[in-house]
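Worksheet for the structure shown next.
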Amino acid sequence: MSATHAELRAATDDLRDRLAEATVAVDGVVRLEPTLRNALRRLQAGTTVLAGGQAARSAADGIELHRRVAVVDVVDVHVDLAVSPVRPASATARDVRAALTRVLRESGLEPGRLAVAVLSVER
Amino acid sequence: MADDTRLSCGRSIDDVWSHLDGAPDEHERSCPYCLEARARLLRLSEAAVDLRTSEAADPSLQPDVGFTASVMGLVRAEVRRGQAIPLDGDEDPGLTISEQAVVGLVWAAADSVPGVRARRCRVRVAVDDEPDLDGDAARVFEGGTLVDVDLSIALQPGTALVEATTLLRGRVADRVGEESGLRVRRVDLAVEDVL
């Protein structure tokens, strides 16, 4: 039986929060960085269910995800980061993508396009 | 050197915003950063006019001061961010760093060189097959995207030009490589002024 809109919304909110936690736990990540696009998406609080329950979109500070409902749901994630110069930004970004992949697979989901954007390097 | 409102050309976003209603000045007409900033700010201005029209009809739609300030902070950050540079070339698409973040590394490297003050800076992905000019393998970080840096500088009187610019090129390449993972192929310098 497919999930109701409310169940999909709650599950996607929870997934977004776990992906955000996994991101900020990566060595070299200072914080998730909010963007204007991100802020405008957040005006619509929580997760938005789209296409009659066939997809969901969710955003919080510095993270957006889009979930396509299928036999195994496919999830696209975009994170915006401020990083520390303790290691190359490229290494931090790769580790963030690996952390996102791990959380999605542990949740029984298929990683889609995982985009990691470093917006600033802070000392 | 770090200034949250400065574009890569050195001009403040607030300066661009302050005369958005008029024609671009001489600098703006030839500056790609200011032209891009003006285009983005004009779109924002048009959206703001629409919102003001709505607010006039219904005052309850007016946002509070804190919300307005936070949105304006994001707008300034967004406008100056520049292009997204791929971190790993074609090997791992989707991992990027903002041009402004790399410019910040270049400025920090330049400020560490005695007698040098950095001014305008541009960082671009290298698009041709021109070889590294100094061939210094120690500055090559495997896997990173190749970039070219254009930097204008001012020098303090008495600064030895050749020594300072050699040191500067090395420090820019090292810092950008170590802290971003990008590989600097070339640093083109222009001495604009004496302090």
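Just so it is clear, none of the values below were taken in a lab; they were calculated from the coordinates. All values derive from a computational prediction rather than experimental measurement. FYI the Cβ positions are ideal-geometry reconstructions off the backbone, even for glycines, and counts take in every protein chain you see.
Count the net charge of all other residues whose Cβ sits under 12 Å from the Cβ of B:LEU105, scoring Lys and Arg as +1 and Asp and Glu as -1.
After counting each charged neighbour, the total is -3.
Evaluate peptide A:70-82: per residue, the Cβ atoms of other protein chains within 10 Å of its Cβ; return the mean as an integer.
Counting other chains' Cβ atoms within 10 Å and averaging over A:70-82 gives 1.
With the crude spin-label approximation of a point 7 Å out along Cα→Cβ, what separation in nm comes out for A:ARG31 versus B:ALA84?
That separation, rounded to one decimal, is 2.1 nm.
Summing +1 for each Lys or Arg and -1 for each Asp or Glu, what net charge is found among the other residues whose Cβ lies under 12 Å from the Cβ of B:ALA164?
Summing Lys and Arg as +1 and Asp and Glu as -1 gives +2.
Taking each residue in A:88-99, count the Cβ atoms of any other chain within 10 Å of its Cβ, then average. What number comes out?
Across A:88-99, the average partner-chain Cβ count within 10 Å equals 6.
Which net charge results for the neighbourhood of A:ALA10, defined as the other residues with beta-carbon distances under 15 angstrom from its beta-carbon, given Lys and Arg at +1 and Asp and Glu at -1?
The answer is 0.
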